[in-house]
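Everything below concerns the one structure shown next.
The values are calculated or read from the model by the stated rules, or taken from the named source; none is laboratory data. Everything numeric here is computed off the predicted structure, so don't read it as measured data. Here the Cβ positions follow ideal geometry from the backbone for every residue, glycine too, while neighbour counts run over all protein chains shown.
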Amino acid sequence: MNSRKLFFHWKALLLASLMLISTVGCASSKTEEASSSAPSSAPSTASDQTDKPAESKVAAGIELGKDGPITIDFWHIQATIYGDAIKEIVSDFNKEYEGKIIVKEVFQGTYDDLNKKVRAALQGGGLPTIAMAYESDTLEYMKADKIVALDDYINDPTYGLSQSALDDIMPGVLARQRIPAYEGKTMSWAHGNSSMGVYYNIDLLKQAGYDKPAGTWKEFEKMALDITEKTGVPALVMGNANNGGTFRTWLRTYGIDPIKLDGSGVDYDNAQAVELATMYKNLVDKKAILLAENTEQEFTNGRAAMEIGTTARTSSKLELVKDKFQWGITLIPQGKSDSKLTELYGGNQIMFKTTPEKQLAGWLFLKYFADSEAQSIYAAKTGYFPATNSAADTDLLKENYTSNPQKKQAFDEVFPYAEIDVPSAARSKMDTVVGEALQAMIAGTLSPADAVKKAQADATKALEEFK
């Protein structure tokens, strides 16, 4: 089954991951002996893990529940169906660790809102034990020396992970927790993963003579114009705000690293970027691309034939489209016909330095959330991809994918090609300035060639500001 052999191609990340996995494998033989306390298919029970605290290096002298349950906060950014999934997982965890650990999940708004609150807590106190974070956030918080490296917990003979449990985590997901910039340490743990895909209205595409979205950007431009002409509906809907991050991913499909792998510079001023910008401008001018505030509403109501966005919205698409039309989701068009790539999205979870008791409780929650049972709940409810291979074999996810074939399509056709971009604390700022250059191009004040030159200059300046 291909979905069980997913492999993401960023070699630097994967190499770092494999090297660290090897280190884990060479750890004390006690780790393997403790594998029964951390099987890959389900977390050990609270009673199993707390019977012998003296054997644990990370929990020496700690007896969970002795003086009442340990309460920890988990700050996150997920509401609606995503928040519902978190509430269910947290509730299940609290039941399993009743009398020992209580996790309080706290919705903090958007990532920007969450980051502002974390920065304030770094200065004034009040940090949670666990919080969601992207790699760029993690790098920023590492500078304050407030994040716990998880390797001692992973390798712990009592509370750690067996080699089989580590092997069950998808390589690209594990690599995200151990990027080279973390200098050989595991600084985060899995939460949820999604990718950039293209949703398409099968009925509208067939009306124009197409079965699926084009495989390359050159083919896509012709296809988009055909769809618009033959159906009277815009071929693609995109956000009317800043599309700098989307453009960065499109450029990556040409094999170009908009942010250089070593973080030393940017690469926007090239022929491929001009080609993409020219296509974008042409399709907007010819009404084949609709710029809208709510892209999902436009697509799900049949007012656009395609929408490019995160696969995490497959659940909401199912709810909104219902039986209005047939639809699917597949990989975005590519710049190179001989390779496939898309963006890997989704936050991770980090643990802040608090007390040994809270950190142990925090690690057990991280471990539980990333295990197959919780990941199958999260994937079934939200449309995110599970972090473990075995989650796809759970009855819950098998039934969910059978009932919702678009989720299975995303898992098979999009997720295998998802790679994170080079993590950088400057990436958000760079995406913003690139998007502003594109907006000026759409407004007619810059040519495509001048827009990518401005993107290059402004993104370079933004990178320098964060060095």
Any residue at all in the range 373-384 that's among the polar types (S, T, N, Q), in the same structural domain as Lys66 (by TED's automatic domain parsing) and touching a Pro at 6+ places or on another chain (Cβ under 7 Å)? yes
Going by the conditions given, is Ala224 part of a loop (DSSP other than H, G, I, E, B), touching a residue at least 40 places away in the same chain (Cβ under 8 Å) and under 27 Å from Leu318 (Cα atoms)? no
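Residue by residue, here is whether (1) touching a helix residue (DSSP H, G or I) at 6+ places or on another chain (Cβ under 7 Å); (2) surrounded by 19 or more Cβ atoms within 10 Å (Cβ to Cβ); (3) assigned to a helix (DSSP H, G or I) holds:
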position	(1), (2), (3)
Asp257	no, no, no
Gln272	yes, yes, yes
Lys281	yes, yes, yes
Ile329	yes, yes, no
For helices (runs of 4 or more DSSP H) lying entirely in the range 362-467, having 2 or more residues that are in contact with a helix residue (DSSP H, G or I) (Cβ under 6 Å, 6 or more places away or on another chain) and in contact (Cβ under 8 Å) with a residue 60 or more places away in the chain picks out 372-382, 405-413, 427-442, 448-465
If we ask which residues in the range 62-85 are within 18 Å of Gln375 (Cβ to Cβ) and free of Cβ contacts under 8 Å to residues at least 24 places away in the same chain, their number turns out to be 0
- Test: residue in the range 177-192 that is farther than 29 Å from Lys143 by Cα, touching a Leu at 6+ places or on another chain (Cβ under 7 Å) and not aromatic (Phe, Trp, Tyr): no
Residue hits (the range 341-352; part of a loop (DSSP other than H, G, I, E, B), at pLDDT below 95 and on the phi < 0 side of the Ramachandran plot) are Gly347
Over the range 72-91, the set of residues surrounded by 13 or more Cβ atoms within 10 Å (Cβ to Cβ) and either outside the structural domain of Thr382 (by TED's automatic domain parsing) or among the polar types (S, T, N, Q) (or both) is Gln78
Note to self: Considering only the range 288-302, I want to know if a residue exists there that is touching a Gly at 6+ places or on another chain (Cβ under 8 Å), of a type in the set (S, T, N, Q), in the same structural domain as Asp450 (by TED's automatic domain parsing) and assigned to a helix (DSSP H, G or I).
What the structure shows: yes
Residues of the range 105-135 being more than 11 Å from Asp73 (Cβ to Cβ) and buried (at least 20 other Cβ atoms within 10 Å of the Cβ), in sequence order, are Leu114, Asn115, Val118, Met132, Ala133, Tyr134, Glu135
Reported set for the range 388-445 where residues are over 22 Å from Ile256 (Cβ atoms) and surrounded by fewer than 17 Cβ atoms within 10 Å (Cβ to Cβ) is Asp393, Asp395, Leu396, Lys398, Glu399, Thr402, Ser403, Pro405, Asp412, Ala443, Gly444, Thr445
- Message: Being in a loop (DSSP other than H, G, I, E, B) and surrounded by fewer than 24 Cβ atoms within 10 Å (Cβ to Cβ): is that true of Asp262 here?
- Response: yes
ask   = Somewhere in the range 222-241, is a residue exposed (fewer than 15 other Cβ atoms within 10 Å of the Cβ) and under 22 Å from the mean Cα position of the chain (by Cα)?
value = yes
From the option list Ser195, Ser264, single residue qualifying as closer than 28 Å to Lys146 by Cβ, of a type in the set (Ser, Thr, Tyr) and either in contact with a strand residue (DSSP E or B) (Cβ under 7 Å, 6 or more places away or on another chain) or free of Cβ contacts under 8 Å to residues at least 60 places away in the same chain (or both) is Ser264
When restricted to Gly309, Gly335, the only residue more than 13 Å from Leu236 (Cα to Cα) and either touching a residue at least 24 places away in the same chain (Cβ under 8 Å) or surrounded by fewer than 16 Cβ atoms within 10 Å (Cβ to Cβ) (or both) is Gly335
Considering the range 188-201, residues that are touching a helix residue (DSSP H, G or I) at 6+ places or on another chain (Cβ under 8 Å) and more than 21 Å from Ala374 (Cβ to Cβ), and then whichever is surrounded by the most Cβ atoms within 10 Å (Cβ to Cβ), we arrive at Gly197
The condition of being modelled with pLDDT of 95 or more and either over 20 Å from the mean Cα position of the chain (by Cα) or outside the structural domain of Ile147 (by TED's automatic domain parsing) (or both) holds, among Gly244, Gly263, only for Gly244
The correct count of residues that are assigned to a helix (DSSP H, G or I) and of a type outside the set (Val, Ile, Thr) in the range 134-146 is 7
Filtering the range 100-133 for residues that are in contact (Cβ under 8 Å) with a residue 12 or more places away in the chain, out of contact with any strand residue (DSSP E or B) (no Cβ under 7 Å at 6 or more places or on another chain) and not in a helix (DSSP H, G or I) leaves a count of 2
Expected single match for modelled with pLDDT of 95 or more and assigned by TED's automatic domain parsing to the domain that holds Asn270 among Thr432, Thr355 is Thr432
